[in-house]
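Down below is the structure, laid out as structure tokens.
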Amino acid sequence: MTTADHAAPGRPPRAELPPAYLPGDVESRRYAEWVKAGYFTAEAGRDAPAFTIMIPPPNVTGSLHIGHALDHTLIDALVRRRRMQGYNALWLPGTDHAGIATQNVVERELAREGLSRHDLGREAFVDRVWQWKAEYGGKILGQMRRLGDSVDWTRERFTMDEGLSRAVQTIFKRLFDDGLIYRADRIINWCPRCMTALSDIEVDHSDDEGELVSIRYGDGDASVVVATTRVETMLGDTAVAVHPDDPRYTRLAGTTVELPLTGRRIPVVADPHVDPEFGTGAVKVTPAHDPDDFEIGRRHDLPSLTVMDERGVVTAPGPFQGLDRFEARPAVLAALREEGRVVAEIRPYVHAVGHCDRCGTTVEPRLSLQWFVKVEPLAKAAGDAVRDGRVRIYPAQLAARYFDWVDDMHDWCISRQLWWGHRIPVWYGPGGQVRCTGPDEDPPGEGWTQDPDVLDTWFSSALWPFSTLGWPDDTPDLRTFYPTSVLVTGYDILFFWVARMMLFGLYAMSAAGPEESVPFRQVALHGLVRDAFGKKMSKSRGNTVDPLDWIDRFGADATRFTLARGASPGGDVALSEEWVAGARNFCNKLWNATRFALLNEADSAAGLDADDRAALSVPDRWILSRLAAVTAEADALFEEFEFAKLSDALYHFAWDEFCDWYLELAKATLNGQDAAAARRTRRVLGHVLDELLRLIHPVMPFVTEELWTALTGGESVMVAPWPQVRPQDADPAAEAEVESLMRLVTGVRRFRADQGLRPSQRVPAVFDGLAGSPLATHEPSIRALLRLTEPAGEFAPNASVQAEGITVRLDTSSGIDVAAERRRLTKELATARADADTSARKLASPSFVAKAPAAVVAKSRDRLAAAEAEIARLEERLAALAGS
RNA sequence: GGGCGAUUGGCUCAGCGGGAGAGCGCCUCGUUCACACCGAGGAGGUCACUGGUUCGAUCCCAGUAUCGCCCACCA
């Protein structure tokens, strides 16, 4: 900022502002200043209430996309407001190691060198990933600066940091010792491409087209027909199951049938799980490759026969060995056909098929030995914390989805057959011993080997609210900033992340007591970003928006405002370039309003002197009243995470009320003869703009900083106090008077437009009935707004218009367009008659008068009276028009 | 298969028991000394359909249709 040495004594120095806002100039400079000043840095133990938000840690592989931009805009707005309110505000940044995603990225890089991770070996591969992370990881952190994120860079964390790894080991051991982590053979979701187990929620189901094939097992009377969509799994069948009460199969239950192609005989078992209504009422049982069948197998003590390996390749000895599962399917089918085993027709069949959410590969249910978290007790506590209000979900509606999940959660498979991640701290020793080591224990010595698997990446994310603050140690940060205040994230990771933070936060921090162990007190969920037509953004659709591109072209503030303006709780956000252009225009509007204020020596430093208050003009009282209202509204909307309404309220106050009306009304005083009045208005103007810029700052930090410092000469709007609502400014009389003035001005403008008078054309006019009216004092403003001059010399009014009980008689020189006037009056008459009709009809109904609230009836009476008066007036005018 | 939600001007959405709102788009006028990234005026909707409750329904209830989302181990 340049210091203007010509500033008047006692006034803050002022910068010259260019005629339009150029964001590129301002943003990087301001961000650097903020960081340098230490505004983003929170202080443990400071004597102020803490306000904490943890960033939803983006993948280290990630770069800033529009979804992050939305999330960060909302978080930053919350944090900036709290900081201005004097809270010890912390927004902690960091990244997630993102197990599969990152491993995939580095593996792809290796593949370009013709290598696989196995060529390097585990240790070298993990080194390579760290190397990659050092070089390319955290790109997104740099991009966050462009958005203006006020994160505390001194507290940046990574989920594989030493400290966070200690947290992972600590909680693993604690859960292990409490019997809440166990290892078992289970059917899990297996991705044959990523070659790892997945948890249930890492599987996306889609309705895929397949075939339902009916196959006859056994021969003649001792045969049974089963149906399957995965023909190749029949190689691993170890039974056929029927319902115990199904009369068709009572004689078969307990016998055996021959399994085609294998020469094996398998039992027919009776199991109540089988639905007799579905298909033939008989089902093939493949315990090693189907979760249902696994359960049936357990109940009947059936063997589990694994017939495919980790890649989905058939391992069962025979002609199909070595075929991929999707090659084996038609091959097995052909062989069955040849034996005449396929019965009836093969039906096209649409059914839900699971896909790996990382790579899209069809998931293969697979029997394997994995680690699980026993979630039932944890989930119970997680559900209760929301049920009893210790944690509140916004919008409340989404709490139902949360309950559905935590109240019926399956055990969580946490082991992954990857190399990149937190290694499971369990060792296997001589004689089948198993030992779980804590973070401060040495690994067991000779003869022990560590479990090769790593943990699900969400395991460490689940600890984020406290692992980032130093847990398990009792650190000043942990004491100051936990529980965190708000979790802001998209509803799409409610289960992945939010629910699991609840599970682990309540467990790990239980010693703090029920109120203080929650990971966050509020959860503010937003939606997904969509295009202008409400369609999902996707690269294939070509409708994606790159926030960095928008920041370059429209500015960070415009990008942020566009996102905030679309964000209602839980709602998706539709975006298009027209909208961000509109937001850019809004920045420019504020810019020019401030330029106007500076040109007119608006005075924000003097404050509103109590002695002056009584002398304030009506427009001054009006804008102060409106400011008080909009400040209260902004506070309420912030508390409810209603960012769309908040942005809208500020936009309309700033543009419609402040710029379009107040500044125009203020011009008369500022340019008027009364120096004292002008001084008062300069103070009100400075004060209102000062507070308006503060109110907008959380959403649009850069432009408001530039303008506020120029206006006030203050250090930074970031550390300026958040505006207080002053109830004493509420002034219904002033509001009513200005509203009346607006109606008068608008009415006359409509007349002028209808008459084809150019907006800039000055027209001599006199007012009848203004003298006695409350609007009398506003005559100079009204004349200025309407371009009406005092008659000078000859004045021959040839037209008149009425509004607010005032008649304006004008000398249009060119005369009046009678047809246009008649059209306007006729239209207004029709409206008035319709209004009178409606009111009259209502009032004619005895039940309405008897049962409706008195205020409603009175309102209808008033409307009827007003409409009738209007009709009389318009008829009279039309008659006069006809006579002329 | 289960659950949830939506259906309001051309588009995206607010409103949710007392006479329909916004932004953008559209039409007309305008070089007014903060801003053409602007100003002024205007057009445009039987609030999906059918019943019900009510003095009164866009708003509450039921059903229908269409669309969307989440969950799901019927081969």
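The values are calculated or read from the model by the stated rules, or taken from the named source; none is laboratory data. In this text the structure is predicted, and so the values were computed from the model without any measurement. Cβ placement follows ideal geometry from the backbone for every residue including glycine, while neighbour counts extend to all protein chains displayed. Accessible surface areas use protein heavy atoms only, side chains included; no ligands, DNA or RNA. Shrake-Rupley method; radii C 1.70, N 1.55, O 1.52, S 1.80 Å.
Couple of notes before you dig in:
- Whole-angstrom Cα spans of chain A along principal axes, big to small: 118, 65, 55
- Region A:663-699 and region A:831-847: distance between their alpha carbon centers, rounded to Å: 44
- Probe 1.4 Å - accessible area at residue A:804, Å² to nearest ten: 70
- Antiparallel DSSP beta bridges within chain A, percent to nearest 5: 70
- Mean projected area (nm²) of the alpha-carbon convex hull when region A:636-782 is viewed from all directions: 11.8
- Rolling a 1.4 Å probe over the heavy atoms of the protein chains gives region A:752-795 an accessible area of 56 Å² per residue.
- Region A:58-147: GluC sites (Glu not before Pro) in DSSP loop, at most 16 other beta carbons within 10 Å: A:113
- In the frame of its principal axes, region A:815-884 has Cα extents of 52, 15, 14 Å, reported largest first.
- Ellipsoid semi-axes for region A:742-884, based on the Cα gyration tensor and the rule √(5λ), read 34, 18, 12 Å when sorted largest first.
- Scanning residues 5 or more positions from residue A:264 or on other chains, those with amide H under 5 Å from its amide H are A:259, with H placed 1.01 Å from N in the peptide plane.
- Label-to-label distance, residue A:730 versus residue A:652, with points set 7 angstrom from Cα along the beta-carbon direction: 1.9 nm.
- Spatial separation of Cα centroids for region A:145-163 and region A:289-336, in angstrom: 48
- Per the Debye calculation on region A:276-336 with a single equal scatterer at every Cα and no solvent contribution, log₁₀ I(q)/I(0) for q = 0.13, 0.17, 0.20, 0.26 Å⁻¹ amounts to -0.43, -0.71, -0.89, -1.07.
- Charge dipole of chain A (Cα centre as origin; +1 on each Lys and Arg Cβ, -1 on each Asp and Glu Cβ, all else neutral): 1980 debye, rounded to the nearest 20.
- For region A:496-573 versus region A:206-249, the inter-centroid distance based on Cα atoms is 46 Å.
- Computed over the Cα atoms of region A:672-747, the ratio of the radius of gyration to the Kirkwood radius (Rg/Rh) comes to 1.07.
- Couplings 3J(HN,Hα) of region A:308-318, computed from phi: 9, 8, 5, 8, x, 9, 5, 10, 4, x, x Hz, in residue order, whole Hz [Karplus 6.51 cos²θ - 1.76 cosθ + 1.60, θ = phi - 60°; x for Gly and Pro].
- For region A:201-314, the convex hull drawn through the C-alpha positions has a volume of 124 cubic angstrom per residue.
- Solvent-accessible area per residue for region A:63-120 (1.4 angstrom probe, square angstrom): 29
- Debye log10 I(q)/I(0) at q = 0.20, 0.26, 0.29 Å⁻¹ for region A:539-587, Cα point scatterers: -0.65, -0.97, -1.10
- Taking θ as phi - 60° and the Karplus parameters 6.51, -1.76 and 1.60, the scalar couplings of region A:238-244 work out to 10, 5, 10, 10, 10, 6, x Hz in sequence order, x denoting glycine and proline.
- Between residue A:89 and A:51, the built amide H atoms are under 5 Å apart, and every one of these is 5 or more places off in sequence or on another chain.
- Rg over Rh [alpha-carbon atoms, Kirkwood Rh] for region A:504-633: 1.16
- Exposed loop sites were defined as trypsin sites (Lys or Arg not before Pro) in DSSP loop states (anything but H, G, I, E or B) carrying at most 10 other C-beta atoms within 10 Å; in chain A the longest segment without such a site runs A:1-538.
- The charge dipole of region A:807-877, taken about its Cα centre with unit charges on the Cβ of Lys, Arg, Asp and Glu (plus for the first two, minus for the last two), comes to roughly 340 debye.
- Radius of gyration over Kirkwood radius for region A:234-374, both on Cα atoms: the Rg/Rh ratio is 0.96.
- A helix-only calculation puts chain A at -13500 deg cm²/dmol for mean residue ellipticity at 222 nm, using -39500 (n - 2.57) for each DSSP H run of at least four residues, averaged over all residues.
- Derived scalar couplings ³J(HN,Hα) [region A:580-595; Karplus, 6.51 cos²θ - 1.76 cosθ + 1.60; whole Hz; x for Gly, Pro]: 6, 5, x, 5, 4, 4, 5, 4, 5, 5, 4, 4, 6, 5, 5, 4
- Annotation: amide H-H contacts under 5 Å for residue A:355 (H modelled 1.01 Å from N, sequence separation of 5 or more, or interchain): A:204, A:205, A:206, A:363.
- The mean accessible area for residues of region A:458-564, using a 1.4 Å probe and ignoring ligands and nucleic acids, is 33 Å² per residue.
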